[in-house]
Amino acid sequence: MATTVLDPAHAGTRSRSVLVEWLTTVDHKKIGIMYGASAFVFFLIGGLEALLIRAQLAGPNKDLISPEFYNQLFTMHGTTMIFLAVMPLSAMFFNFFIPLQIGARDVAFPRLNAMSLWVFLLGGIFLNASFIWGAPNGGWFGYAPLSGRQYSPGVNMDFWVIGLQILGIASLAAGVNFFTTILNMRARGMTLMRMPMFTWSTLVTQVLVLLSFPVITVALIYLMVDRVFGTGFFVPAAGGDPMLWQHLFWVFGHPEVYILILPAFGIISEILPVFSRKPLFGYSAMVFSMAFIAFLGFGVWSHHMFSTGMGPLADSFFSLATMLIAIPTGVKIFNWIGTIWGGSIQLRTPMYFALGFIAMFIMGGLSGVMHSVAPADLQQTDSYFVVAHFHYVLFGGSIFAITAGAYYWWPKMFGRMLDEGIGKAHFWLMLTGFNLTFFPMHFAGLLGMPRRIYTYPGGLGFDTYNLLATVGAFVLAVSILVFMWNVVRTWRRPADAPADPWGGATLEWAIPSPPQEWNFTEEPVVSGKDELWTLKRAAGVRTLPEPARSDGRGIHLPGPSWWPLIVAIGILLFMVGFMLPRPWAFPFGPVGLVGFVITLVGIFKWAYEPPDAHATPH
Amino acid sequence: MTSTTATLAGHDGHAAEAHHTSLPIENRKLAIWVFIASECMFFATLISTFLIYRGQSLKGPLPADIFEVPLVTAGTAVLLFSSFFVVMALNGAQEGNRRKLITWLSLTVFCGVFFAGMQVYEFSHFYHEGLGYSTNLFSASFYTLTGFHGAHVTMGTLWLATLLKDAIKGDLPAGKALNLEIAALYWHFVDVVWIIIFPVVYLMSLRS
């Protein structure tokens, strides 16, 4: 590993431009910020798509948007929000806070971490560039044979198939990296059962990523070769079975929903104890229930497929397994309530969002249990009831928790406190807009409004519900603008946030805000759970003295590198080669081949990178 | 708390530095195990698909018409032996015995090249017999499964060849034996996958 010895005596001997610094950085904090910034832009794009969808559905028989474009909008909205917004927003917190929470100076493989970021970012840009030629239009689940060449002849689904494979590479690399980091880079004394709950949720999430992403990778490869080379994996005329696609997709797809929600559980489990001034209730039960959710998450995929006619045995098995998941989830919710119970509650903005999360997630969870009953699901599936359900868990759950995390960790990331007043306005607008948008969808769905239709005739009883949902969507959009205003306003203020503004329990609050490049001047030693609270209690103080900034003399840090970015570009070109027309396509043409060579050369150069190739004295 | 002194020298030959790791295993070794766990799901999906589509092809050629079991048996034997050879090479590396290291590692690389060559021959033979990639479900699932395995063998061979180059240059001393150990772990995994593929794909298909 290339390393840089920080030596202030050489400060300024070689000044690198800010752009080069960010392009070559291997610092987990900078990588986390880039994950967050790009994911937020994708979140805005996905939100814009949602607004267009809602505008089209505001009333019956509208023709604001063509049916073809509508298909692209709902496909890209789902794909964007899942793969380009919620997952990388969680990755922002993994990157920035896992090393800080476990007392490490960086992740196990800093350059691999940078590569994950670049592959994700290039994959996201690639997916969105599809709007120039025709964006994916077969739904975020890409059901075959609809997604095959016969029914999707254009480049639309090529973008989807290849874009998701690119994003999968980023997730898998990050999975290996964070799993290794958490297991192996913990501070002395931090046993597994002393880890902060967010660290636990990250660890369990990586297990889900590592075991579920290979399955979708293979499924996408089959779909890709069906489309490019004319094989018949999912082509009924060739004997292929479209059900295989559904099974492989949901073997990935269900763990994926836990990949989206477990980090949210972790964030909430950090915030509730801090703002209740009480340790997390039932720590071990929280850990084991999370592990149990992850385990069961691999045995429930076919509850997405009740309507395909799998027969009573399979239906019963997947119904029961799905109901079983309600138990560990219930354990978590009761433990969160137990944490608040009798606490000295501080109603700050992060706490508002955390409490909002609990209420909204319970509602999404309850409608989820309704889906587990196969006969009832046959009535609900493919209706707006399902749309309401998963937005309650993904927006009311994941996005509320990520927003709570943003307010909670903002001072640590940027050294500035977000404004409390604007933050609370943001919360009430978001809560109102969210419920106004998605609550009426339950009724529209039960009245029979199907998903993925670009318009509907009037007089079926759901005109009003749709209008309410559209109004709510625009209220939601305003709440996001309020958040952005809060960020801009905060940016103009001096960076004067203390190290520990909330009275935190975990190690990230023991170091200056924002942290110095080497995080910990002295590697911490941990003696129990909630280490910082233990220290404060021992010292008899509410907050520890402000930690001093150090000059970092003699601390070894990995040096910056160009190779992660170069390898990411190679991977992008290699994958794009598969969708180009014949004279350009891999293996018949140059683009994929060039990508392959760049990737291979990049990996070699990376592996042999001399220790001080890019050493930057500070 | 178990702490271990891990040599995180990496390929780049940076001076060995003692790093604290929480588990008694080096980061890179842990990472390759984690990667292998993920790869298990990758190959499990490919093998399952092959089995699901067994007997579902609408037209020939079918496995029983086309498989050359003696040839593949030879390739299998060579791959199995290569796992033994790489263990000997690693033993040489850990002892700092360069001659032993280079001898056994060369043999391992040779086995990898032989196996990949066997597969190229097999694929082109099948192609001339009329089994294209998109001919039927058997061909598509067979070529995808064994093709990805072959790609793994090729990548592993390339990796081991790079380490052989290091060894010849004297850049693989005992202190950097971990570089070979993680490559060897990957190589064993690729071998184990073939131990499943050989009976499941070749031997079981002969009867149907």
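The values are calculated or read from the model by the stated rules, or taken from the named source; none is laboratory data. If you're wondering where the values come from, they're calculated on a predicted model, not measured in any experiment. Cβ atoms come from the backbone with ideal geometry, glycine included; neighbour counts cover every protein chain shown. Note: accessible area is taken over every heavy atom of the protein model, side chains too, but ligands, DNA and RNA are not part of it. Shrake-Rupley method; radii C 1.70, N 1.55, O 1.52, S 1.80 Å.
Of everything in region A:122-157 that is among the hydrophobic types (A, V, I, L, M, F, W, C), in contact (Cβ under 8 Å) with a residue 40 or more places away in the chain and open to solvent by 20 Å² or more (accessible area, probe 1.4 Å), the residue that is nearest to A:Leu220 (Cα to Cα) is A:Trp140.
To keep it simple, each residue is scored yes or no on (1) closer than 22 Å to B:Ala74 by Cβ; (2) surrounded by fewer than 22 Cβ atoms within 10 Å (Cβ to Cβ); (3) not basic (Lys, Arg).
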site	(1), (2), (3)
B:Gly96	no, yes, yes
B:Gly117	yes, yes, yes
B:Glu129	yes, yes, yes
B:Ser139	no, no, yes
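Within region B:155-183, the set of residues being under 23 Å from B:Ala74 (Cβ atoms) and in contact (Cβ under 8 Å) with a residue 40 or more places away in the chain comprises B:Gly156, B:Thr157, B:Leu160, B:Ala161. From the list B:Ile36, B:Ile32, which residue is in contact (Cβ under 8 Å) with a residue 40 or more places away in the chain and within 9 Å of chain A (Cβ to nearest Cβ)? On inspection, the qualifying residue turns out to be B:Ile32.
Do you know which residues across region A:468-493 are touching a residue at least 60 places away in the same chain (Cβ under 8 Å) and either more than 28 Å from the chain's Cα centre (by Cα) or open to solvent by 40 Å² or more (accessible area, probe 1.4 Å) (or both)? Selection gives A:Phe474, A:Trp485, A:Arg489, A:Trp491, A:Arg493.
Of the residues A:Leu313, A:Leu296, the single one that is open to solvent by 10 Å² or more (accessible area, probe 1.4 Å), of a type in the set (A, V, I, L, M) and without any contact (Cβ under 8 Å) to a residue 12 or more places away in the chain is A:Leu313. On the given criteria, is A:Val597 modelled with pLDDT of 90 or more, within 27 Å of the chain's Cα centre (by Cα) and closer than 22 Å to B:Trp159 by Cα? No; evaluated as a whole, the condition is false for this residue.
With respect to the stated conditions, A:Ser201 fails to be over 23 Å from B:Ser22 (Cβ atoms), small (Gly, Ala, Ser) and more than 9 Å from chain B (Cβ to nearest Cβ). I want to confirm something. Restricting to region B:1-29 and keeping residues that are open to solvent by less than 20 Å² (accessible area, probe 1.4 Å) and either at pLDDT 95 or above or assigned to a strand (DSSP E or B) (or both), which single residue is farthest from the other protein chains (Cβ to nearest Cβ)? Checking each candidate, the answer is B:Ala6. Checked against the criteria, A:Gly338 does not count as part of a loop (DSSP other than H, G, I, E, B) and open to solvent by less than 50 Å² (accessible area, probe 1.4 Å).
The test for being within 30 Å of A:Ala238 (Cβ to Cβ) and surrounded by fewer than 16 Cβ atoms within 10 Å (Cβ to Cβ) holds for B:Ser124.
Within region A:226-243, the residues that satisfy the criterion of being closer than 27 Å to A:Pro581 by Cβ, open to solvent by 10 Å² or more (accessible area, probe 1.4 Å) and hydrophobic (A, V, I, L, M, F, W, C) are A:Val228, A:Phe229, A:Val235, A:Ala237, A:Ala238. In summary, A:Leu220 fulfils each of the numbered conditions (1) more than 25 Å from B:Phe35 (Cβ to Cβ); (2) open to solvent by less than 30 Å² (accessible area, probe 1.4 Å) with the single exception of condition (1). Taking the listed residues A:Met286, A:Met305, A:Met290, the one that is more than 24 Å from A:Arg194 (Cα to Cα), open to solvent by less than 10 Å² (accessible area, probe 1.4 Å) and not charged (D, E, K, R) is A:Met305, with no other qualifying.
Scanning region A:537-548 for residues being touching a residue at least 12 places away in the same chain (Cβ under 8 Å) and surrounded by 11 or more Cβ atoms within 10 Å (Cβ to Cβ) gives a total of 4. Listed by first and then second residue, the pairs linking a residue in region B:46-66 that is within 12 Å of chain A (Cβ to nearest Cβ) to a residue that is part of a loop (DSSP other than H, G, I, E, B) and open to solvent by 70 Å² or more (accessible area, probe 1.4 Å), with Cβ atoms under 7 Å apart and 6 or more places separating them unless they lie on different chains, are B:Arg54/B:Ser208; B:Gly55/B:Ser208.
Somewhere in region A:344-356, is a residue closer than 30 Å to A:Phe306 by Cα, part of a helix (DSSP H, G or I) and open to solvent by less than 40 Å² (accessible area, probe 1.4 Å)? No: zero hits.
Selection of region B:121-136 for residues being free of Cβ contacts under 8 Å to residues at least 60 places away in the same chain and either part of a loop (DSSP other than H, G, I, E, B) or away from chain A (no Cβ under 14 Å) (or both) yields B:Tyr121, B:Glu122, B:Ser124, B:His125, B:His128, B:Gly132, B:Tyr133, B:Ser134. The number of residues in region A:287-309 being farther than 22 Å from A:Phe213 by Cβ and in contact with a Phe, Trp or Tyr (Cβ under 8 Å, 6 or more places away or on another chain) comes to 2.
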